[in-house]
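Worksheet: the structure to be examined is printed underneath.
Nothing in this text is a laboratory measurement; each read-out follows from the coordinates by a stated rule. Since we're looking at a predicted model, the values are computed, not measured. Reconstructed Cβ throughout: ideal geometry from the backbone, glycine too, with neighbour counts over all protein chains shown.
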Amino acid sequence: MSTPPPIGEMGYEQARDELIAVVRRLEAGGSTLEESLALWERGEELAAVCRRRLEGARARLDAVLAEDAAGEAGDTGEGEEEEEAEEGEEEDA
């Protein structure tokens, strides 16, 4: 079995999958107190990675949504009204 990468280098999916494995081992029991504590600490670190990755993803989504909202607010429709007026003038001529 290969050594897992340092926690800080893990992506969300990798950290989540390892966290699931840690929880299953803890739930299965049979580990010594020291092993259980080490698993618990690893699980806390993995959960923190997952939380940071999700918060980062949320921040990116919020930034994109804010840009879209700002772009839509800038489009007041005035340009469309001017185009329609110009088209009406051309038809009258």
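Data overview
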item: Spin-label model distance (nm) - GLU35 vs LEU54, 7 Å beyond Cα toward Cβ; result: 2.9
item: Ranked packing of 61-70, 43-52, most packed first, by mean Cβ within 10 Å; result: 43-52, 61-70
item: log₁₀ of I(q)/I(0) at q = 0.16 Å⁻¹ - segment 1-75, Debye sum with one point per alpha carbon; result: -0.66
item: Length released on extending from ALA73 to ASP17, taking residue separation times 0.36 nm less the Cα-Cα span; result: 16.0 nm
